[in-house]
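This report concerns only the one structure given below.
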Amino acid sequence: LAVSSEDAAQGPSPADTLAALDTLVTGSALGQDGVSELRQIAELLGAQGYGPDQIVIDPSVVRGLGYYTGPVYEAELTFEVTDEKGRPRQFGSVAGGGRYDDLVKRFTGRRSRPRASLSASTGCWQHSRPRGASRPRQRVR
C-alpha cells in the first residue's frame, strides 16, 4: 500500500480509498493495521496542509525492493516545464521510498529498528525549476 503525491483530482479521495480498503481487509488484523497506518499518514499529511487534491492513496504502487515492510510512497511532479530546447516536458515520478524494519539486521545480524528511506532523482529536481529561478530558501526539519 502506498501514499503517492500527485494531481489527485481525477481519482477517488483518500477517504474513499481508505473506506474501500477497510472493506477489503475485514477479518485480517494485518490488513487492518496497514489501513490504519495509511489513515494515520493521510491525517499527518492533511495536518501539514496537503489536501485531497494532492494526495493519492494507491494500493497498486509497489516498490521493487523486497525489504519494504510497511507503506511505500512516490512523489510526482505533475506540472509541465520546458527543457533547454523549449520543448514541453513532464517528469512523473521523481522520488520514492518506504518503511523497512529488518534491513540492518539482514546485513549486520544485529537487532534493528524500523526505518524509512527516500531516493530522489536530483536531475529531475534541478530541471524542474524555471530557468533563472533561484534555489528556494527553506528549512527542512
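The values are calculated or read from the model by the stated rules, or taken from the named source; none is laboratory data. Computed from a predicted structure; not experimentally measured. Using ideal geometry, Cβ is built from the backbone for each residue, glycine included, and neighbour counts are taken over all protein chains shown. Surface accessibility is based on the protein's heavy atoms, side chains included, excluding ligands, DNA and RNA. Shrake-Rupley method; radii C 1.70, N 1.55, O 1.52, S 1.80 Å.
Per-residue surface analysis assigns Ser36 an accessible area of about 60 Å², computed on protein heavy atoms at 1.4 Å probe radius. Against the criterion of solvent-accessible heavy-atom surface with a 1.4 angstrom probe, Phe79, Phe91 sort, most first, into Phe79, Phe91. Stretching the chain fully between Leu103 and Ala120 yields a gain of 4.2 nm (0.36 nm per residue, less the alpha carbon separation). Using a simple spin-label model with pseudo-atoms 7 Å out from Cα toward Cβ, Val81 and Ser93 lie 1.9 nm apart. The H on the amide N of Ser112, modeled in the peptide plane, is under 5 Å from the matching H of Lys105, each at least 5 residues off or on a different chain.
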